[in-house]
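Some notes on the structure that comes next.
The values are calculated or read from the model by the stated rules, or taken from the named source; none is laboratory data. Please read these numbers as outputs of a predicted model, since none were measured by experiment. Cβ placement follows ideal geometry from the backbone for every residue including glycine, while neighbour counts extend to all protein chains displayed. Accessible surface is based on the protein model in full, side chains and every heavy atom, while ligands, DNA and RNA are left aside. Shrake-Rupley method; radii C 1.70, N 1.55, O 1.52, S 1.80 Å.
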Amino acid sequence: MSIEHRDDTGARFGMWLFLYTEVILFSGLFILYAVSLARHPHEFAEASHKLNIYFGTVNTLVLLTSSLTIALAITAIQRNKIRQTIILSVITIVLAIVFLINKYFEWSAEIGHGIYPGSEHLAEMGPGITVFFNLYYFTAGLHGLHVLIGSSLIGVVAILVAKGKVTSDRYTLLENSALYWHLVDLVWIFLFPLYYLIL
Amino acid sequence: MTETTLTNKGFYTDSPRSGILGWLLSTDHKRIGIMYLCCILAMFIVAACLGLLIRLELIAPGVTIMKAQTYNATFTVHGIIMIFLFIIPSVPAAFGNLVLPIQLGARDVSFPKVNLLSWYCYVIGAILAVVAIFSGDGAPDTGWTFYVPFSTQTHTNVSLAALAAFMLGMSSILTGINFVTTIHRLRAKGMTWGRLPMFVWSLYATAWIQVLATPMLGITLVLVILERTFGAGLFDAARGGDPVMFQHLFWIYSHPAVYIMILPGMGVISEIIPTFARKPLFGYWAVAVSSLTIAFAGSLVWAHHMYTSGMSDFAILVFSFLTFIVAIPSAIKVFNWITTLYKGSIQLAPPMLFALGFIFNFSIGGLGGLALGAAAADIHLHDTYFVVGHFHYTMFGGLGFAFFAALHYWLPKYTGRMYNHRIAVIAFALLFVGFNVTYMAMQAVGIQGMPRRYYDYLPEFTTLNVVATLGSWVMAIGLIMMFYNLWRGVRKGAVVGNNPWGAATLEWQIPSPPPMDNFGPEDPVVTKGPYDFKGVVADEY
Amino acid sequence: MSAHEEHKHEPVPYRTFVLIWVALLILTVVTVVVSRIHLGALNIWVALVIASCKSSLVIFIFMHLKQESRLFKLGLLTLLVILAIFVGLTFTDILYR
């Protein structure tokens, strides 16, 4: 085994680097979006109107609030307020679940209307609308996967806090999970206006 | 009388867990490096055999030993294994892991468990690749570049192969994150940025590209898999997509990838030349900054792979111009290596021979790259054997030879034993001659117009193809000789001390093979530069 | 750099985070309202600028980048430059076909 060493700053720096890889991953989808928007501006507006702006806005507020709660959790553990840390982490996870439930209802409705990648109905609406929804589903889908991963990470770390393995002296795991969660929020901050709000 | 009993086996025996689990669950950078090295060598041999089969098919026009479909699968798998399972991980994952922490004066990398995870990602990727070749509708036949629309429509195992490449990309990303953090955070006392060995600088630049470019490959592969699964039409013009966008996304990674491939090799050369000229590297900061410049400039030029794709004339102009710029820092390195040799005390030991071979081969490859970078010339040369010659000169004649140089340089340190020099020199000569015969013939037949990825060709191309195939057999003999010599050296060679080459970097100040904790109980304190040979004496062996 | 000198960052007060959260909510409302006004080609750029402002608040305050060393901020700059290159150079093709 290797020599034990502790380097909290290094651990955070490594996490930031990992977050950059996630940004580049999503950037591929956003580049395709930019290209397609440039080519089909009117169809993108028309397609955007088919998305449910209420679900989108509520989900935006849900994620922003979850970013608040996990940020508060870091302060809580720095101040050795273990119970508060756990409660705030759990609220973050609950908000994540709310986000995913909203998504479930939103997508059920869309798919029920025959709008999903590869569907005949979508193809009939023309290339501009087709590419909008293809990119929407793939981007929001990949984002949803990250919501799942991020909230699971927070769940695991919350358990470690409860067990006393993550403490006010040693909380890098919680910090890094929070960083990952903020990235999930950041992706949505861009996804929301670009897909839901085109006029 | 040469010593043959290796009494102290360092990190091979000194481990908290014994047996096979002591290796498979080890988070020690040296054990992980050895595990990577074994896998990488195995993959190289498999892919090299596929290459020999390709050359056998091409010894005569028409069907020789395989039909068109098999040929397409063979060159595809040859490319996938060579690029993702050999070249990209070869120097960073094997030698980077073995050498980097020690050269920094550290005891391990910043994230040892992530390091082990990166090896498992590699192994999973390798297994998936093997499954992709032998199951279902068979090995992918798209070329390693997976261009749409063929890759989204062919029945072969493209999705599995794409998943394999995704796992291998994950492995590369984790290595990159580890190395950037390690170099920033774990340098020993006195190891300032200006005292870093050039190998470390090259790994640093490489690691940044691994972090920032590889995820683009990730999303591109995911999109191919999603397309094959849902048939959405993301790259289908009739449904609002653009097949050329696939090429943009693909090459945004795959061009910087070639710098992931070559930069660590250049780092190896920068270690070997000073040691075997017994002179400090000329232009330390120029070479260090050139590594960073190559990493940056390499992200500006990807669409020079796309001049004939249908993209805009303006883009062709921009990318051609930027491509000429990226040649400059590489040239700076070559000039500095040559100047290091000037008035040096040169020993033509095997590592040095491979390093000199690198400089020769890479220079030819680089100049060929300039010809291809010129858009007007590329219209004729694109997708011909000129391209195949170019990338084999840089990737095989360049990185391949650098990898062999690294083997000859560092295996004695990490095994404690020395191979036979005379056989190494003969093997090198066969390799060097065979290599240049094979690939110069390809450059020539490419200019004459022979397309790549064809199992058949016009009768007028026959002579050069025969020459290339004969050259490949000379290379094969050289490779067999080289590997046999290294293997015998590792098992039974003369035992070496700390510093058989008389080098000045930190790994040569500790036993061969190194102990598990690298430096013993005290952390090292660095007071000299990496190429300060004053008072450094080589151990006899 | 030795890994031995670790100075802990000061906890950010709850109040600060809540204030930033309120700012984020306000900016979200602004985004939605402005997006219902016809500004033509300008709409997308306004949306991106507001999203960038929101992101900056999340990155510097929620993610503590403000408290981290210069190295961390250089890393972010590197990422942004690379992104700009990828998008920008791709559009030398897309805009001129």
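Restricting to segment C:41-64, give me the number of residues that are within 9 Å of chain A (Cβ to nearest Cβ) and open to solvent by 60 Å² or more (accessible area, probe 1.4 Å).
Count: 1.
Condition test on B:Ala73, is it part of a helix (DSSP H, G or I) and surrounded by 23 or more Cβ atoms within 10 Å (Cβ to Cβ)?
no
Considering B:Gly365, B:Gly397, B:Gly344, which residue is buried (at least 20 other Cβ atoms within 10 Å of the Cβ) and either in contact with a strand residue (DSSP E or B) (Cβ under 6 Å, 6 or more places away or on another chain) or touching a residue at least 40 places away in the same chain (Cβ under 8 Å) (or both)? Explain how you work it out, then say what you get.
Details: B:Gly365 fails: either in contact with a strand residue (DSSP E or B) (Cβ under 6 Å, 6 or more places away or on another chain) or touching a residue at least 40 places away in the same chain (Cβ under 8 Å) (or both); B:Gly344 fails: buried (at least 20 other Cβ atoms within 10 Å of the Cβ).
Of the residues listed, the single one that is buried (at least 20 other Cβ atoms within 10 Å of the Cβ) and either in contact with a strand residue (DSSP E or B) (Cβ under 6 Å, 6 or more places away or on another chain) or touching a residue at least 40 places away in the same chain (Cβ under 8 Å) (or both) is B:Gly397.
Hey, among B:Pro521, B:Pro451, B:Pro530, which residue is open to solvent by 30 Å² or more (accessible area, probe 1.4 Å) and more than 19 Å from B:Lys30 (Cα to Cα)?
B:Pro451
Of the numbered conditions (1) open to solvent by 30 Å² or more (accessible area, probe 1.4 Å); (2) touching an Asp or Glu at 6+ places or on another chain (Cβ under 7 Å); (3) within 17 Å of A:Asp185 (Cβ to Cβ), A:Ile74 satisfies every one except a single condition; which is it?
(1)
What number goes with the only condition from (1) over 19 Å from A:Tyr196 (Cβ atoms); (2) in a helix (DSSP H, G or I); (3) over 17 Å from the mean Cα position of the chain (by Cα); (4) of a type in the set (S, T, N, Q) that A:Thr130 does not pass?
The single condition A:Thr130 does not satisfy is (1).
Condition first: within 15 Å of the chain's Cα centre (by Cα), within 24 Å of B:Thr181 (Cβ to Cβ) and more than 7 Å from every other protein chain (Cβ to nearest Cβ). Can you find one or more residues in segment C:27-34 that meet it?
no
B:Tyr253 fails exactly one of the following numbered conditions: (1) facing chain A (nearest Cβ under 10 Å); (2) open to solvent by 10 Å² or more (accessible area, probe 1.4 Å). What is the number of that condition?
With (1) facing chain A (nearest Cβ under 10 Å); (2) open to solvent by 10 Å² or more (accessible area, probe 1.4 Å) applied to B:Tyr253, the lone miss is (2).
So, C:Leu19, is that one open to solvent by 60 Å² or more (accessible area, probe 1.4 Å) and closer than 22 Å to A:Thr69 by Cβ or not? Steps first, please.
On the way: open to solvent by 60 Å² or more (accessible area, probe 1.4 Å): yes; closer than 22 Å to A:Thr69 by Cβ: yes.
So C:Leu19 passes the test.
Which members of segment C:74-88 meet the condition of being more than 7 Å from every other protein chain (Cβ to nearest Cβ) and surrounded by 14 or more Cβ atoms within 10 Å (Cβ to Cβ)?
Step one: list which residues in segment C:74-88 are more than 7 Å from every other protein chain (Cβ to nearest Cβ), which gives C:74, C:76-78, C:80-81, C:84, C:88.
Within segment C:74-88, C:Leu76, C:Thr78 meet the criteria.
Name the helices (runs of 4 or more DSSP H) wholly inside segment B:377-452 in which the number of residues that are closer than 23 Å to B:Tyr147 by Cβ is 3 or more. Walk me through how you get there before you give the answer.
Details: elements: B:385-394, B:401-415, B:421-447.
Filter on segment B:377-452 gives B:385-394.
Can you list residue pairs whose Cβ atoms sit under 6 Å apart, with the first residue in segment B:25-38 being open to solvent by less than 10 Å² (accessible area, probe 1.4 Å) and the second being outside any helix (DSSP H, G or I)? Count only pairs 6 or more apart in sequence or on different chains.
Here the result reads B:Asp28/A:Ser2; B:His29/B:Asp108; B:His29/B:Val109, each pair linking segment B:25-38 to a residue that is outside any helix (DSSP H, G or I).
Condition check ((1) of a type outside the set (A, V, I, L, M); (2) more than 28 Å from B:Ala165 (Cβ to Cβ)) across all residues:
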site: B:Asp14; (1), (2): yes, yes
site: B:Thr27; (1), (2): yes, no
site: B:Gly33; (1), (2): yes, no
site: B:Cys49; (1), (2): yes, no
site: B:Val63; (1), (2): no, yes
site: B:Met66; (1), (2): no, no
site: B:Ile81; (1), (2): no, no
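Any residue at all in segment B:374-388 that is open to solvent by 30 Å² or more (accessible area, probe 1.4 Å), modelled with pLDDT of 95 or more, under 25 Å from B:Tyr419 (Cβ atoms) and not hydrophobic (A, V, I, L, M, F, W, C)?
no
Cβ-Cβ below 7 Å, separation at least six or inter-chain, first residue in segment B:444-460 and within 17 Å of B:Gly51 (Cβ to Cβ), second of a type in the set (Gly, Ala, Ser) and part of a loop (DSSP other than H, G, I, E, B): which pairs?
Going by the 7 Å Cβ cut-off, the qualifying pairs are B:Arg453/B:Gly143.
In segment B:24-56, what count of residues is obtained for those that are assigned to a helix (DSSP H, G or I) and farther than 15 Å from B:Pro515 by Cα? Don't jump to the end; show me each part of the working.
Initial filter on segment B:24-56 (assigned to a helix (DSSP H, G or I)): B:24, B:29-56.
Going one step further and asking which of them are farther than 15 Å from B:Pro515 by Cα, we end up with B:24, B:35-56.
Residues meeting the conditions: 23.
Does B:Gln103 qualify as being polar (S, T, N, Q), surrounded by fewer than 16 Cβ atoms within 10 Å (Cβ to Cβ) and part of a helix (DSSP H, G or I)? Full working, then the answer.
Numbers: polar (S, T, N, Q): yes; surrounded by fewer than 16 Cβ atoms within 10 Å (Cβ to Cβ): no; part of a helix (DSSP H, G or I): yes.
No; evaluated as a whole, the condition is false for this residue.
Need the failing condition index for C:Thr92 against (1) under 21 Å from A:Ile189 (Cα atoms); (2) polar (S, T, N, Q); (3) more than 9 Å from chain A (Cβ to nearest Cβ), just the number.
(1)
Could you check, for segment A:145-157, whether at least one of its residues is surrounded by fewer than 22 Cβ atoms within 10 Å (Cβ to Cβ) and within 12 Å of another protein chain (Cβ to nearest Cβ)?
Within segment A:145-157, one or more residues are surrounded by fewer than 22 Cβ atoms within 10 Å (Cβ to Cβ) and within 12 Å of another protein chain (Cβ to nearest Cβ).
Return yes or no: is B:Gly62 more than 16 Å from the chain's Cα centre (by Cα), modelled with pLDDT under 95 and open to solvent by less than 30 Å² (accessible area, probe 1.4 Å)? Give the steps one after another, and end with the answer.
Details: more than 16 Å from the chain's Cα centre (by Cα): yes; modelled with pLDDT under 95: yes; open to solvent by less than 30 Å² (accessible area, probe 1.4 Å): yes.
Criteria met by B:Gly62.
Test of understanding: among B:Val46, B:Val91, which residue is of a type outside the set (Phe, Trp, Tyr), more than 14 Å from chain A (Cβ to nearest Cβ) and open to solvent by 20 Å² or more (accessible area, probe 1.4 Å)? Step through it out loud before you land on a result.
On the way: B:Val91 fails: open to solvent by 20 Å² or more (accessible area, probe 1.4 Å).
When all the criteria are applied, what remains is B:Val46.
Of everything in segment B:12-24, what is charged (D, E, K, R) and either free of Cβ contacts under 8 Å to residues at least 12 places away in the same chain or surrounded by 21 or more Cβ atoms within 10 Å (Cβ to Cβ) (or both)? Give them in sequence order.
Keep residues of segment B:12-24 that are charged (D, E, K, R), which gives B:14, B:17.
The answer is B:Arg17, and nothing else.
When the residues of segment A:158-179 are filtered to those that are buried (at least 20 other Cβ atoms within 10 Å of the Cβ) and within 13 Å of another protein chain (Cβ to nearest Cβ), which remaining residue is farthest from the chain's Cα centre (by Cα)?
Pass one, segment A:158-179, residues buried (at least 20 other Cβ atoms within 10 Å of the Cβ): A:158, A:161, A:166, A:171, A:174-179.
With within 13 Å of another protein chain (Cβ to nearest Cβ) added as a condition, the list becomes A:171, A:174-179.
Details: A:Tyr171: 23, A:Leu174: 17, A:Glu175: 17, A:Asn176: 15, A:Ser177: 13, A:Ala178: 12, A:Leu179: 12 Å.
Checking each candidate, the answer is A:Tyr171.
Those residues that are within 10 Å of chain A (Cβ to nearest Cβ) and open to solvent by 20 Å² or more (accessible area, probe 1.4 Å), I need them from segment B:185-210; list them, please.
At the first step, the residues of segment B:185-210 found to be within 10 Å of chain A (Cβ to nearest Cβ) are B:185-186, B:207-208, B:210.
Within segment B:185-210, B:Arg185, B:Leu186, B:Trp208 qualify.
Mind telling me which of the residues B:Phe314, B:Phe386 ends up being over 22 Å from the mean Cα position of the chain (by Cα) and farther than 17 Å from B:Ile262 by Cα? Explain how you work it out, then say what you get.
Values: B:Phe386 fails: over 22 Å from the mean Cα position of the chain (by Cα).
Exactly one of B:Phe314, B:Phe386 is over 22 Å from the mean Cα position of the chain (by Cα) and farther than 17 Å from B:Ile262 by Cα, namely B:Phe314.
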